[in-house]
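The structure under discussion appears below in the form of structure tokens.
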């Protein structure tokens, strides 16, 4: 009872106080929690927006760091893979490696990569590099092959076959290289390159230095562009499709020529995988029954498409052929042209690869390995009776497959064919066609050395269908530095 009275005394005053409060006071009490909720929600939205902005800024910083950090991938193929997966190597680095692949003889970089061995020059932006390789060939020719040293030239094989055997120790393929690079000039990175071998004299026993290449090149003077000026491998060539061989000559139908030129290269797609090259090159007319002259430079255009699976290349050559009669009393000119399609395709999940080249045209003999090495000019024939210069039609190609037995043991097999459409004015012993086959087994005991053997077979056929053949075995030790 006492408790009930106490509760009554407590509740009644509270009830009276509640009745005495105005409706506005009640409304104000309800609004305060609502405003607090709205304030908290607004602050949460601001925090979410700020968090998103921070994440976006972090991503931008990461992207900038990727662009600023130097890229040193193992190869241009890895760069192509990075580009295809949006890993974004620097444009300048990609241009540099693409230029190396398009210009350099791969045999110069079998043992030392392009980014190795540079020596800084104190007080300048220039670096120097010395390199090359020593190559000793032990050559056993089972028939007379015409040229007894480290170049197996099918067009030099005597017709009919001469069964005289021959053995040679040969060092003429040995090569020395010297190069410089000067970075961050006003016109980009400027490079120079010089290489020599010792095949300058074909006389028995004579060894003489021979200038192979000497050029200046620039990278980065324009986004995606490079230039070259000097003596270098012809723009018509595809160095990426050249088989891995000890033979300095290579397939008889291969495009292989070094000469003076001016070249401009430009990547035409955002990923820098498609490169267009334009060049003017040294004009020479290799002519039969006359004397070759020089007038307008040769013009070369090509497209090189690179992908992680390999590359494809198409090239066009345009020439003016000029020659005078043997007596020097008359002169004539004609048009020469050539087309070439080549490439390298890698075997998935393997280091194996397939290489090929197909070439055809008129008056392009000087650009084709076997024809450039033939004793008579193979661009055109001068008719002293009609005083007309006629270009020779030529077609040829090769295919090669490289197989890696282990990480240190590899083989390449090559087959090649070349044909010339003879003219009636040519003699019966004029070159008509050559065939070439080769197989090797190469072992790399450590990074800077290759040892192995290479077997060759070649055949020459003349206009009168008489032919001669030769077989050769070459054992080679090659040391790079």
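The values are calculated or read from the model by the stated rules, or taken from the named source; none is laboratory data. Predicted, not measured: the structure shown is a model, and the values here were computed from it. Cβ coordinates were reconstructed from backbone atoms using ideal geometry, including for glycine residues, and neighbour counts include every protein chain displayed.
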Collect the residues in the range 176-185 that are out of contact with any helix residue (DSSP H, G or I) (no Cβ under 7 Å at 6 or more places or on another chain) and either closer than 22 Å to residue 116 by Cβ or assigned to a loop (DSSP other than H, G, I, E, B) (or both), keeping them in residue-number order.
-> 176, 178, 179, 180, 181, 182, 183, 184
Those strands (runs of 3 or more DSSP E) lying entirely in the range 385-481 with at least 1 residues closer than 30 Å to residue 345 by Cβ | 393-404, 409-421, 431-446, 449-462, 467-480
With respect to residue 407, is the statement that it is surrounded by fewer than 16 Cβ atoms within 10 Å (Cβ to Cβ) and farther than 27 Å from residue 111 by Cβ true?
-> no
Out of 112, 71, 103, 159, report the one residue that is surrounded by 14 or more Cβ atoms within 10 Å (Cβ to Cβ), at pLDDT below 95 and under 24 Å from residue 414 (Cβ atoms).
-> 103
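Rundown of residues vs (1) under 29 Å from residue 186 (Cα atoms); (2) in contact with a strand residue (DSSP E or B) (Cβ under 7 Å, 6 or more places away or on another chain); (3) at pLDDT 95 or above; (4) not in a strand (DSSP E or B), yes/no style:
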{"residue": "214", "(1), (2), (3), (4)": "yes, yes, yes, no"}
{"residue": "227", "(1), (2), (3), (4)": "yes, yes, no, no"}
{"residue": "240", "(1), (2), (3), (4)": "no, yes, no, yes"}
{"residue": "243", "(1), (2), (3), (4)": "no, yes, yes, yes"}
{"residue": "262", "(1), (2), (3), (4)": "yes, yes, yes, no"}
{"residue": "270", "(1), (2), (3), (4)": "yes, no, no, yes"}
Failed condition for residue 319, given (1) touching a strand residue (DSSP E or B) at 6+ places or on another chain (Cβ under 7 Å); (2) outside any strand (DSSP E or B), with all others met?
-> (2)
Criterion (closer than 16 Å to residue 150 by Cβ and surrounded by 15 or more Cβ atoms within 10 Å (Cβ to Cβ)) met by exactly one of 236, 198, 227, 193 = 198
Assuming residue 386 fulfils every condition listed in (1) surrounded by 15 or more Cβ atoms within 10 Å (Cβ to Cβ); (2) farther than 25 Å from residue 260 by Cβ apart from one, which condition is it?
-> (1)
Please work out if residue 336 is surrounded by 16 or more Cβ atoms within 10 Å (Cβ to Cβ), farther than 24 Å from residue 250 by Cα and touching a residue at least 24 places away in the same chain (Cβ under 8 Å).
-> yes
Kindly list the number of the only condition in (1) more than 15 Å from residue 432 (Cα to Cα); (2) over 25 Å from the mean Cα position of the chain (by Cα); (3) surrounded by fewer than 17 Cβ atoms within 10 Å (Cβ to Cβ) that fails for residue 358.
-> (2)
Please enumerate the residues belonging to the range 357-390 that are closer than 21 Å to residue 316 by Cβ and in contact with a helix residue (DSSP H, G or I) (Cβ under 7 Å, 6 or more places away or on another chain).
-> 357, 365, 366, 371, 372, 378, 379
